[in-house]
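The values are calculated or read from the model by the stated rules, or taken from the named source; none is laboratory data. Bear in mind the structure is a predicted one, so any value in this text is a computation, not a measurement. Cβ: placed from backbone, ideal geometry, glycine included. Neighbour counts: every protein chain shown. Ligands, DNA and RNA are stripped out before the accessible areas are found, and what is left, the full protein with its side chains, is counted by its heavy atoms. Shrake-Rupley method; radii C 1.70, N 1.55, O 1.52, S 1.80 Å.
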Amino acid sequence: QVQLVESGGGLVQAGGSLRLSCAASGRTGYPMAWFRQAPGKEREFVAAITYSGGSTRYADSVKGRFAISRDNNKNTLYLQLNTLKPDDSAVYYCTVVPSITIMSWRESTYWGQGTQVTVSS
């Protein structure tokens, strides 16, 4: 079992930054990822990171603007969001994944409640 709690979302102007956190407990010795879901759209992959933090993967839409990291001593996953755009507005979820090559949210079992990010133009 894994418990995940996201935080750090909010309202920000376009071009601004936010840092999301995901506090994890339980069986957390696995790769982790961030997904996001905008209203009326399917949940989509954002970024993933191996347990060691040595490898990461990003969706093309966020590459160069977002940065995923983790602190295993604190059991916490992070997502730094820079140069935000209105299209980045969504509920952001963290999850434990079998591999950083994950493509679909359907491949993951454990999810947090999400944190809302709203970017105004």
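Determine the percent antiparallel among the DSSP beta bridges restricted to the chain, to the nearest 5. Don't skip to the answer; put the middle values down first.
Numbers: 36 of 40 bridges.
Counting DSSP beta bridges with both partners in the chain, the antiparallel share is about 90 percent.
Once you order the gyration tensor axes a ≥ b ≥ c over the Cα atoms, which shape class does the chain get: rounded for a/c under 1.5, otherwise prolate or oblate by comparing a/b with b/c?
Values: a/c = 1.58, a/b = 1.52, b/c = 1.04.
Prolate is the answer for the chain, as a/c is 1.5 or above and a/b outweighs b/c.
Please give the per residue accessible area of the chain, computed with a probe of 1.4 Å over protein heavy atoms only, in Å². Spell out each step's value before the answer.
Details: 6190 Å² over 121 residues.
Each residue of the chain exposes 51 Å² on average to a 1.4 Å probe.
Using 0.36 nm per residue, how much length does the chain from TRP111 to GLN3 gain when fully extended, once their Cα-Cα distance is taken away? Let's see the in-between values first.
Working: separation 108, 0.36 × 108 = 38.88 nm, distance 0.77 nm.
Here the segment from TRP111 to GLN3 would lengthen by 38.1 nm.
For the chain, what's the relative contact order in percent, using C-alpha pairs closer than 8 Å and at least 6 residues apart?
Over the chain, the number comes to 36 percent.
First check a/c for the range 61-103, with a ≥ b ≥ c the square roots of the eigenvalues of its C-alpha gyration tensor; if it is under 1.5, answer rounded, and if not, answer prolate when a/b is larger than b/c or oblate otherwise. Mind dumping the intermediate values first?
Details: a/c = 1.96, a/b = 1.49, b/c = 1.32.
Taking the square roots of the gyration eigenvalues as a ≥ b ≥ c, the range 61-103 is prolate.
For the modelled label position 7 Å from the Cα of THR101 along Cα-to-Cβ, which residues of the range 60-89 have backbone nitrogen atoms closer than 19 Å?
Answer for this model: 60.
Can you give me the solvent accessible area of THR83 with a 1.4 Å probe, rounded to the nearest 10 Å²?
80
May I ask you to compute the full-extension gain from ASP71 to SER52, defined as 0.36 nm times their residue separation minus their alpha-carbon distance, rounded to one decimal in nm? Mind dumping the intermediate values first?
Values: separation 19, 0.36 × 19 = 6.84 nm, distance 0.93 nm.
Result for the pair: 5.9 nm of gain on full extension.
Quote the accessible area belonging to ARG27 in square angstrom, nearest 10, computed with a 1.4 Å probe and with ligands, DNA and RNA left uncounted.
Solvent-accessible area, nearest 10 Å²: 140 Å².
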